[in-house]
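Have a look at the structure below before the remarks.
Readers should treat all values here as calculations from the given coordinates under stated rules, not as data from a laboratory. Keep in mind it's a predicted model, so treat the numbers as computed, not measured. Cβ placement follows ideal geometry from the backbone for every residue including glycine, while neighbour counts extend to all protein chains displayed.
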Amino acid sequence: MKTTITLIALLCSNICFCQNLVLKGKIEDKYKESIPFANIALYQANDTISIVKGTASDLAGKYLLQDIDSGNYILKVSYIGYKTISLPVHINKDLTQNIILESDSQSLTEVVVEGKRSIRSIDKTSYTFTTAQIDKAKDGRDLIATLPNLHIDKTTNSLSTINGKSIMILINGIKATDDDLKLIPADKIKNAEIYDVPPMRYINDAENVVNINTKPLDTGWSGNLYGTLGQMFSNASFALSYVKGDNKFTINYSTHINMKRNIKDLETGHYNYQINNDNYTYDYFRESQTWGHQHNIGFTYSISKEKNYDFQIKAFTNTSNGKLNANKTIAFAQNELQEKRTGNLNDYTKSLVPTVDIYFSKTLPKNNSILFNLVGSYFDNEQNTHSAESGSTGFDDMMLINNQKKTLIGEFAYKHRFAKANLSVGYRAHLNYLTNELSNSLSENLQKENINTQKHYAYGEISGKFKPFMYRVSLGVNYDTQSEENGFHNFTFTPMLMAGYNINESNSIRLTYHSSTQMPDMLQMSDARILIMNNFYQTGNHDLENSHLQSWGLSYDLYLKKFSLSANLFYDYTNNSLFDSYQYGNNCVLYQTANAEKDIRRGGEFNINYTPWDFLRIGGSIGVSQQVFQPSKEVSSFSYWSYPVSVYLSASYKNFSLDILQKFGGTFLSGLYKTGIEKVSYINLGYTYKKVNFGLQCFFPFIKDKYSNETIPGSIVYHKTDFHSKRKDHALALSISWNFSSGKKKASIRKKMDNYDSDSGLFKIK
């Protein structure tokens, strides 16, 4: 009996000491900014070698340690750029322990924190950076370019995706540029988030969104100078930022110059078509040169009151001047009539676009916030085109276009953060007013027209997780209108559903469905008619309807310390897809935009990123897709397969660097055309001395810049072109950049929305 009682007592004692207690809290800096991905380790008080429990803080800086026995422990918290803290804790019940970390510049060179570097959410992956990555990066952009599927494209000197998908850059939620990112020191970047499925409000703007969250910026100056001198083009940019307290002033300027050098684009083409039972063929060889310049200058003032409000006003102007000169040799035939022709095209365009952007956000109690954004732009455009062809049915056409376009974009958003979910609702209006004047040989009188369009968009979105499940549910409502005689009113719902499952810390799967609409551009609906060649015109189409995309996807993601993999399957169906079409007019052929009967795209994509050592990074993308396209009910559908491939390599040794990019463009189906993707190929050798970087680029070292376009059998016009850029092969460029900064302390604005109109209203001359 005594033995039994003793055993029961011992058992109860063990139960009392194994109480499965919880230790939780939040990691912040002295400015009350949360610190995600901080390393948290719990040790026995008498054994600081073996870890009892360990984890990393989440995006809100929160951590949770479970199943802890009663006792005395040491809680150790560490993060790059902050002093490591060791705190004794006594646990005999569930305990909340918040930690404030102090910045420590010495730790950037003395401490290497090993831990989890990425966290997968339903629509994004969040990353932190190692000490080695921070030390090696020249600036914030250079650091972000080390993330999977990203690199700095030397042809454009911009942050890009390896697989060629469009990208939008946000800094603390604001739509930003490369210049903005270069002004941020690498050690001031807290983390980065890559959205492979953009939030609802960006779903029509880009295929990928990168949001960079920063630490408080130092008071003082920071700047960047960049220049490229090459055989094909020259670039230059300057950006300067000054921070004092809560205020920040920024000025930036950039220019892109295409000089008139002996570099020509070669085009061999063939047309075959019928008009009123007459057969026409049009074979040509064209040599063209393009040159001109672009200038961008902007000023920004912002004030940020931590945990209170942010205000920003930005004023910037874009100007451009471009020239095109092309000469043709032509073999023309109309039935039995054959003749040799020559042709010439001169096109000159200039544009001035001033813009003002005003932004305000306010933090409210109980995890609420509101945001406002107002953007006004004015486009002043001029286009002067002279085209002529010799021969019995030749022509001589002078075209002059003057147009002015006013745009106003306004947006409001409300956000609320629940314990395990985030809610956002918003409304955006995009108003356009275009006045267009055109004169050419097709009309004795000046052609005038006014086109007014409105886009109204309201949305609601909620996202969260129930470990290991993740979700995001969105609903958008679109109202698009054109207030013309043959205008339209469209009302469309655009839902989005996403569900994911984290298999473990490294593996996850996800199912997605989303829909979106696309409104035709203003000039796609214009009455203006321009001459391409005899009896062949380009014009707009008043009967266009909005296209509506429905997309389904299944993806698998693997994230390891040195290796990441993303595999995706997709199925896209676009109702009323917009495409460039050939139609019969009155004794002529019209080249205009139309709505397709069927447009289906399905396939898969495979992306990898491998960093075997700190000095070497290899990335690549392989895609395969099938497109089924039917232009109208009267024409059979056409099917085509494409196989785009991209390979990227980056290596570094001490102050030297090497970057190699090779894109095998392949061919894809774009409306009536099997369209060749322009190849990209370059080698970049870099050398860094202190804060100055020198680069030598060689473009197209392995392949020639050649590609072809050809119409599908469903087109009433057969058209094939072969393109080649003469002397672009093995072209060289020399670049130099300098980053500079001075001062200490902090200031940073947290902007959550940004809008801009990129539709200039100019014709694109073929």
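Listed by Cβ neighbour count within 10 Å, with the fewest neighbours leading, THR255, THR125 appear as THR255, THR125. Distance between the pseudo-spin-label points of SER86 and SER441 (7 Å out from Cα toward the beta carbon): 8.7 nm. The modelled label-to-label distance between THR281 and THR156, using points 7 Å beyond Cα along the C-beta direction, is 4.0 nm.
Given 0.36 nm per residue, what is the gain on full extension from ILE532 to THR393 after removing their alpha carbon distance, in nm?
That works out to 48.7 nm of additional length.
A value for semi-axes √(5λ) of the Cα gyration tensor in Å was derived from the coordinates, and within the list (1) 51, 33, 25; (2) 54, 29, 26; (3) 62, 30, 25 it appears as (2). Scalar couplings 3J(HN,Hα) for the stretch 343-360, obtained by applying the Karplus form with A = 6.51, B = -1.76, C = 1.60 to θ = phi - 60°, are x, 9, 9, 10, 10, 10, 10, 9, 8, 10, 10, x, 9, 10, 10, 10, 9, 8 Hz; x denotes Gly and Pro.
Among the lysines of the stretch 16-105, pairs that are 8 or more positions apart or on different chains and have alpha carbons within less than 14 Å of each other number 9. Taking 7 Å steps out from each Cα toward its Cβ at VAL628 and LYS32 produces label points 5.8 nm apart. Here the stretch 211-271 is assigned +1 on the Cβ of each Lys and Arg and -1 on the Cβ of each Asp and Glu. Its dipole about the Cα centre then comes out at about 120 debye.
Between the residues THR342, SER515, VAL717, the greatest Cα displacement towards the positive end of the dipole of the stretch 223-742, with unit charges on the Cβ of Lys, Arg, Asp and Glu, is found for SER515. In the chain, if the dipole is taken from +1 on Lys/Arg beta carbons and -1 on Asp/Glu beta carbons about the Cα centre, which of SER302, ASN373, THR494 is farthest to the positive end? Checked the options; the winner is SER302.
For the chain, the Cβ-based charge dipole about the Cα centre amounts to some 3040 debye (Lys, Arg positive; Asp, Glu negative; other atoms uncharged). For ASP380 and LYS260, the FRET efficiency from 1/(1 + (r/R0)^6), where r spans their Cβ atoms and R0 equals 22 Å, is about 0.30. Stretched out straight at 0.36 nm per residue, the stretch from ILE370 to ALA429 would grow longer than its current Cα-Cα span by 19.6 nm.
Residues within the reach of a label modelled at GLN404 (point 7 angstrom out along Cα to beta-carbon, backbone nitrogen below 19 Å), restricted to the stretch 521-540, are 523.
Contact order for the stretch 428-514, expressed relative to its length and based on alpha carbon pairs under 8 Å spaced 6+ residues apart, stands at 21 percent.
For the chain, build the charge dipole from Cβ charges (+1 Lys, Arg; -1 Asp, Glu) around the Cα centre, then report which of ALA731, ALA326, THR84 sits farthest towards its positive end. Checked the options; the winner is THR84. Exceedance of the 20 Å cut-off in Cα-Cα distance is limited, within the set LYS455/LYS633; LYS663/LYS704; LYS182/LYS562, to LYS455/LYS633; LYS182/LYS562.
Which angle from 0 to 90°, rounded to the nearest 10, does the C-alpha axis of helix 2-17 make with the longest principal axis of the chain? It is inclined by approximately 40 degrees. A Förster radius of 41 Å, combined with the Cβ-Cβ distance separating GLU306 from HIS730, puts the computed FRET efficiency at roughly 0.20.
Maximal additional length on extending the LYS24-LYS420 stretch stands at 141.0 nm, based on 0.36 nm per residue less the C-alpha distance. Here is how the number arises for the chain: DSSP H runs of 4 or more residues each give -39500 (n - 2.57), the sum is divided by the residue count, and the result at 222 nm is -1000 deg cm²/dmol.
For LEU217, the residues 5 or more places off, or on other chains, whose built amide H falls under 5 Å of its own are ALA747, SER748. About the centre of its Cα atoms, the stretch 628-707 shows a dipole size close to 260 debye [charges on the beta carbon of Lys, Arg (+1) and Asp, Glu (-1) only; nearest 20 debye].
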